[in-house]
Amino acid sequence: KNDLASFHKEMGGCKSCHTQPGKVSDSETYENQQCKSCHGEYSALANPKLKLDPHASHLGDINCTSCHKGHEKPKLYCNECHSFKGLEMPFNSAQSKEPWDKGWDNDAISKAIAAGPKETTDVIVVGAGSAGFNAAIAAKKAGAQVVLLEKGPFSGGNSMLAAGGYNAVGTAQQKEHKVDDKIEWFVEDTMKGGRYANDPKLVQILAEQSADGIKWLESLGANMDDLKRSGGARVDRTHRPTGGLSVGPHIIDVLRKASVKEGVDTRLNSKVVKLVIDEDQKIVGVVVHGKHSGHYMIAAKSVVLATGGYGFNKEMVAFYRPTFKGMTSSNNITSTGDGIELAKAIGASMTDIDWVQAHPTVGKDSRILISETVRGVGAIMVNKDGNRFVSELTTRDKASDAILKQPEQYAWLVFDNELYKKAKMVQGYDHLDMLEKANTVSELAKITGMKESSLEKTVSNYNRYFKQGKDEEFAREQMPLPLEKAPFYAVKVAPGIHHTMGGVAIDTKAEVLDIQSKPLVGLFAAGEVTGGVHGYNRLGGNAVADTVIFGKIAGTNAAKHALET
Ligand code: MEZ
């Protein structure tokens, strides 16, 4: 057979990959160590001559077996979001299915419960994105034993794709940049952005604990020194790594390393398929479907749901938000709303479940998010004729609606070389061939099919507004840069599903509530699986803050519950 297993069998026998045939852990840890012991680390495999190098991707240090499968077809993971046509892999490049794509097996679940727990721990965290890692690390620091279960073949979840940053008030970074901000302003901006449908108690916590969350990330090794403004915020409070690098890959790398250091037992390829409760409706554990170990139960007094939203679940989006049916999604393929289904099955209450956010600027006909940062740093947004039509810094719901009202329902972000140099993520879009580039504004109009006279007028008007410090047309709140320095760039964008605001209802301790608003004893949740923090519309930069702050709260309280009851 032309597969990796047969090839290795010929070269060195089954033992070149496995300890013993049939003994493979769900995380495929030993097998991956074997890959690296022969082929080297990714840093050694990365080939600087390649334009697009899967061994140097933003996913970081993930399992080799995420893409290279031994006994099944390999999976070009990069092509789940991108379409790198030239990207080839030895041993055929058809996509393999994830074990969790294969649906529920109710018989196997019942048998696992009937057989009783195979092991016991204090806290189980479901989902290894930012909320899950923060919960797991916080629970471990509080003295609990923790098992972190991730259905995907690598950790990071949707947080791994977060670009913009983390909103915080009262940080050393704001102080250094002399940004005058207040907890009340953070609260007001978030409530206004969410159309006052947010739970004010949760928003208060988000604002009050935001600076501590930054300090916590820094204590784990993160760099959050760059400061910018996101849509709907009245001041610069979006923190991210120096140079304007994407926040998600950075903090996930930091959290992965910190969780290893703390001794969190992280298991990949391990999907939780059932929350197990006793006759008093208290959590007593979960059933896991492990890729190799099949269905089994782990007992625990506390479970933290950190499974993310449902932005990649086409059926759920079409059901809850029919007007967004068929829209592209910027989300990771793991964002399928599992936690919502798991919690619903044991009587959890849902908040704002039908509020789905379209991000205005996803690369047209792609799944790549063009970060709000690009507008925050200074890009303008124009329609197909080259005319501005909205304040670029308005909230996402308003910007998305405005684009959908334009002819052909797309827009261009236009910026100059000064911005290109300032925001490193833009260079990443260039690397992905998403940018149009020209030496003059009129040439840019020609290349992109905009009207030359319109785009030239738009740019000269904008530069005038910049100089006078007042946007006469759309009252844009901040204009950090003029558009003057060639070359000029444009990237074509359209709205795409980005965040699901609704989810399981939680209280201020991150306890999941039942339909009578009483805590479901032992069940906690954090991050995008929850509803209430963001109301009907989330502000850019508030999701990462949410995952860190409520992840920590959920992990700490889950540990307390497990250790004290
Ligand atoms: O919080 C976000 O979703 C965000 C800032 C996204 C982005 O545009 O970069």
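A few comments on the model shown:
- Filtered by the rule that a residue be at pLDDT 95 or above and either over 15 Å from Gly541 (Cα atoms) or of a type in the set (S, T, N, Q) (or both), region 218-239 gives Glu218, Ser219, Leu220, Gly221, Ala222, Asn223, Thr238.
- Inter-residue pairs, beta-carbon under 7 Å, first aliphatic (A, V, I, L, M) and in region 353-370, second near the ligand (Cβ under 8 Å from one of its atoms) and in a loop (DSSP other than H, G, I, E, B), 6+ apart: Val362/Ile370; Leu369/Ala163
- For region 109-129, the criterion of being within 15 Å of the chain's Cα centre (by Cα), in contact (Cβ under 8 Å) with a residue 24 or more places away in the chain and within 16 Å of the ligand (Cβ to nearest atom) is met by at least one residue.
- For the criterion of being acidic (Asp, Glu), within 28 Å of Ile368 (Cβ to Cβ) and either touching a Leu at 6+ places or on another chain (Cβ under 9 Å) or without any contact (Cβ under 8 Å) to a residue 60 or more places away in the chain (or both), Asp181 fails.
- Residue tally, condition among the charged types (D, E, K, R), farther than 16 Å from Ser270 by Cβ and not in a loop (DSSP other than H, G, I, E, B), over region 119-163: 2
- Some residue of region 457-474 being under 31 Å from the mean Cα position of the chain (by Cα) and away from the ligand (no atom under 16 Å from the Cβ): yes
- Qualifying position, being of a type in the set (Val, Ile, Thr) and in contact (Cβ under 8 Å) with a residue 40 or more places away in the chain, among Thr334, Thr323: Thr334
- Of all residues making up region 466-488, the number that are within 13 Å of Arg388 (Cα to Cα) and in contact (Cβ under 8 Å) with a residue 12 or more places away in the chain: 5
- Within region 298-323, the set of residues being modelled with pLDDT under 95 and of a type in the set (Phe, Trp, Tyr) is empty.
- All conditions but one from (1) aliphatic (A, V, I, L, M); (2) at pLDDT below 95; (3) farther than 29 Å from His239 by Cβ apply to Val377; the one that does not is (3).
- Residue satisfying condition, being within 16 Å of the ligand (Cβ to nearest atom), of a type in the set (A, V, I, L, M) and closer than 27 Å to Asp236 by Cβ, within set Ile549, Ile497, Ile553: Ile549
- Subset of region 180-219 (residues that are surrounded by 17 or more Cβ atoms within 10 Å (Cβ to Cβ) and of a type in the set (Phe, Trp, Tyr)): Phe186, Trp216
- From the options Gly248, Gly347, residue that is within 24 Å of Gly164 (Cβ to Cβ) and either of a type in the set (Asp, Glu) or modelled with pLDDT of 95 or more (or both): Gly248
- The residues listed here are Lys485, Lys457; of these, the one that is modelled with pLDDT of 95 or more and touching an Asp or Glu at 6+ places or on another chain (Cβ under 6 Å) is Lys485.
- Taking each residue of region 156-178 that is more than 26 Å from Tyr310 (Cα to Cα) and looking for partners that are part of a loop (DSSP other than H, G, I, E, B) and away from the ligand (no atom under 16 Å from the Cβ) with beta-carbon atoms closer than 7 Å, six or more apart or interchain, yields Val169/Asp181; Val169/Lys182; Gly170/Asp181; Gln173/Asp225; Gln174/Asp181.
- Close Cβ contacts (under 9 Å, 6 or more residues apart or on different chains) running from residues in region 430-443 that are free of Cβ contacts under 8 Å to residues at least 24 places away in the same chain and aromatic (Phe, Trp, Tyr) to residues that are part of a strand (DSSP E or B) and surrounded by fewer than 13 Cβ atoms within 10 Å (Cβ to Cβ) are absent.
- Selected residue [within 18 Å of Glu262 (Cβ to Cβ), touching a helix residue (DSSP H, G or I) at 6+ places or on another chain (Cβ under 8 Å) and among the charged types (D, E, K, R)] from Lys140, Lys151: Lys140
- Condition met for Val247 (of a type in the set (Val, Ile, Thr) and away from the ligand (no atom under 13 Å from the Cβ)): no
- The residues of region 341-377 that are within 16 Å of the ligand (Cβ to nearest atom) and either assigned to a loop (DSSP other than H, G, I, E, B) or basic (Lys, Arg) (or both), listed by number, are Trp355, Lys364, Ser366, Arg367, Ile368, Ile370, Ser371, Arg375.
- The numbered conditions (1) farther than 23 Å from Asn332 by Cβ; (2) within 15 Å of the ligand (Cβ to nearest atom); (3) modelled with pLDDT under 95 are all true for Thr242 except (2).
- Candidate set: region 382-427, residues that are within 28 Å of the chain's Cα centre (by Cα), of a type in the set (S, T, N, Q) and more than 22 Å from Asn463 (Cβ to Cβ); chosen: the one surrounded by the most Cβ atoms within 10 Å (Cβ to Cβ): Ser400
- Residue satisfying all of: in region 147-194; among the aliphatic types (A, V, I, L, M) and within 15 Å of the ligand (Cβ to nearest atom); modelled with the highest pLDDT among these: Ala168
A quick yes/no check of all residues on (1) closer than 30 Å to Val286 by Cα; (2) in contact with a Leu (Cβ under 7 Å, 6 or more places away or on another chain):
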| residue | (1), (2) |
| --- | --- |
| Met350 | yes, no |
| Trp355 | yes, no |
| Val362 | no, yes |
| Arg375 | no, yes |
| Gly386 | no, yes |
| Arg396 | no, no |
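- Residue, farthest from the ligand (Cβ to nearest atom), within region 220-238, restricted to residues that are crowded, with 22+ Cβ neighbours inside 10 Å and more than 20 Å from Ala379 (Cβ to Cβ): Ala222
- The single residue among Gly540, Gly522, Gly532 that is more than 16 Å from the ligand (Cβ to nearest atom) and under 25 Å from the mean Cα position of the chain (by Cα) turns out to be Gly532.
The values are calculated or read from the model by the stated rules, or taken from the named source; none is laboratory data. A quick note: this is a predicted structure, and the numbers were derived from the prediction, not measured. Heads up, the Cβs are rebuilt from the backbone with ideal geometry, glycines too, and the neighbour counts pull from every protein chain shown.
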